[in-house]
Amino acid sequence: MTEVIKVANLVKTYTTYDKESGFWGSIKSFFYRKKKIVEAVSDISFEISQGELVGFIGPNGAGKTTTLKCLVGLLYPDSGQLSVLGFKPFERKREFLKQIAFVMGQKAQLYWDLPAFETYSLIRDIYQLSETEFKKNLDELCQLLDFSEFLNRPVRTLSLGQRMKAEIIANLLYKPKILFLDEPTIGLDVVMQDAIREFILAYNKRNNATVILTSHYMEDIDSICNRILMIDNGKLIYNGSKVDLSSKFVTEKEVNVKINLKDKLNKQLLEQFGRVVSCDQTTAKLMINRSKLNGFIKWLVDNYSILDLDIKEPDIKYVVKQVFSAKK
């Protein structure tokens, strides 16, 4: 597969200043301020191929958005090598900008008092789209996002979910090859979150677009991405498939069991094998260490009439929680 993003030994730092509180603290700060260097991104390297769906995850302040801003050219790195579609992002060349999109769930580019279509017409002129290309792309995006009926309504009259759809259309009208998505479903209800996720997958499939997604909603990562980059304190701590994530960081597996009505599960007996998440007379959910799994299954078969047994890797939300809880 063709590599469209190459990052080698990226470093980005910020300079901040500490100030004492109160009036005298403000006076002192005129003469002396204690400088502090914060390393937002520390020597990270990775490559992403065309068409990949990559989740970029980590706690607040880990360096996710800083990395994305370096990749789209909004920030100049302190050191390291960056290549996106063969361009150096910080040069911000027109040919480069026409092939990427940076969607931030907390930032808006649409004019509040104008219909979305007016902004789209401006984008058509900025990116020099032909009338045929503009209409074709707009119709396709409106169909995928079910947005056609809202095109001529003032943006201020749209719901949060409708505005998010409008923002996404504005960013994709010119058919970018790479989508950088920073919290695209933030604040949306469950139905609208699902709609945005389905759209991202459909856009990737139709256009073989590369997607780099950051989100604190692990459902976004789980339903969209097949590869994970995990960052913490500016350092890349995982780069691999979603499937292998849990086996690297978590020693447990999730076990769901259902037994015959004539039997009764005993929670105390189950606890000798692992942590019982839920339990009633006929069903139970447990987190069991991989080393104890075979022994548990044998004990279960010997003592109960099993109707259903499901053993799987923990979901990504549980894995991420375990990783970052252990670091506190």
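Within the range 89-119, the residues that satisfy the criterion of being open to solvent by 50 Å² or more (accessible area, probe 1.4 Å), in contact (Cβ under 8 Å) with a residue 12 or more places away in the chain, farther than 23 Å from residue 7 by Cβ and over 25 Å from the mean Cα position of the chain (by Cα) are 111, 112, 113, 114, 117.
Name the residues in the range 278-290 that are touching a residue at least 12 places away in the same chain (Cβ under 8 Å) and open to solvent by 30 Å² or more (accessible area, probe 1.4 Å), would you? Once the filter is applied, which keeps residues that are touching a residue at least 12 places away in the same chain (Cβ under 8 Å) and open to solvent by 30 Å² or more (accessible area, probe 1.4 Å), the range 278-290 yields 279, 280, 281, 283, 285, 289, 290. With the condition kept exactly as written, say whether any residue in the range 244-266 is of a type in the set (Lys, Arg), open to solvent by 60 Å² or more (accessible area, probe 1.4 Å) and without any contact (Cβ under 8 Å) to a residue 12 or more places away in the chain. Yes - at least one qualifying residue is present in the range 244-266. Restricting 112, 24 to residues that are at pLDDT below 90, farther than 30 Å from residue 138 by Cα and hydrophobic (A, V, I, L, M, F, W, C) narrows the list to 24. Does residue 124 count as basic (Lys, Arg), over 23 Å from residue 208 (Cα atoms) and assigned to a helix (DSSP H, G or I)? For residue 124, the condition - basic (Lys, Arg), over 23 Å from residue 208 (Cα atoms) and assigned to a helix (DSSP H, G or I) - is not met. Identify, please: which residue in the range 318-328 is of a type outside the set (S, T, N, Q) and more than 12 Å from residue 254 (Cβ to Cβ) and is, among those, surrounded by the most Cβ atoms within 10 Å (Cβ to Cβ)? Step by step, filter the range 318-328, then rank; the result is 320. Only strands (runs of 3 or more DSSP E) whose full extent lies in the range 204-317 are considered here, and the ones with at least 1 residues that are β-branched (Val, Ile, Thr) and either in contact with a Cys (Cβ under 7 Å, 6 or more places away or on another chain) or farther than 30 Å from residue 80 by Cα (or both) are 252-259, 274-279, 283-289, 306-312. Among the residues of the range 291-305, the ones that are open to solvent by less than 90 Å² (accessible area, probe 1.4 Å) and closer than 29 Å to residue 242 by Cβ come to 5 in all.
A quick yes/no check of all residues on (1) in contact (Cβ under 8 Å) with a residue 40 or more places away in the chain; (2) out of contact with any helix residue (DSSP H, G or I) (no Cβ under 6 Å at 6 or more places or on another chain):
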position: 6; (1), (2): yes, yes
position: 13; (1), (2): yes, yes
position: 23; (1), (2): no, yes
position: 44; (1), (2): yes, yes
position: 47; (1), (2): yes, yes
position: 55; (1), (2): yes, no
position: 73; (1), (2): no, no
position: 78; (1), (2): yes, yes
position: 87; (1), (2): no, no
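Scanning the range 78-95 for residues that are of a type in the set (A, V, I, L, M, F, W, C), out of contact with any Ser or Thr (no Cβ under 7 Å at 6 or more places or on another chain) and at positive phi turns up at least one hit. From the list 143, 162, the one residue that fits, being open to solvent by 20 Å² or more (accessible area, probe 1.4 Å) and under 30 Å from residue 49 (Cβ atoms), is 143. Taking the range 1-51 as the range and being open to solvent by 50 Å² or more (accessible area, probe 1.4 Å), touching a Phe, Trp or Tyr at 6+ places or on another chain (Cβ under 8 Å) and either under 16 Å from residue 62 (Cα atoms) or part of a strand (DSSP E or B) (or both) as the test, the residues that pass are 34, 35, 36, 37, 38.
Here are some conditions: (1) open to solvent by 10 Å² or more (accessible area, probe 1.4 Å); (2) within 22 Å of residue 231 (Cβ to Cβ); (3) touching a Lys or Arg at 6+ places or on another chain (Cβ under 9 Å); (4) part of a helix (DSSP H, G or I). Residue 65 meets all but one. Which one does it not meet? Unmet condition: (3). If only residues of the range 179-232 that are over 25 Å from residue 140 (Cα atoms) and charged (D, E, K, R) are counted, the one that is most open to solvent (accessible area, probe 1.4 Å) is 219.
The values are calculated or read from the model by the stated rules, or taken from the named source; none is laboratory data. Because the structure is a prediction, the values reported are computed rather than measured. Don't worry about glycine lacking a Cβ; one is built from the backbone with ideal geometry, like all the others, and counts go over all protein chains shown. Accessible surface is based on the protein model in full, side chains and every heavy atom, while ligands, DNA and RNA are left aside. Shrake-Rupley method; radii C 1.70, N 1.55, O 1.52, S 1.80 Å.
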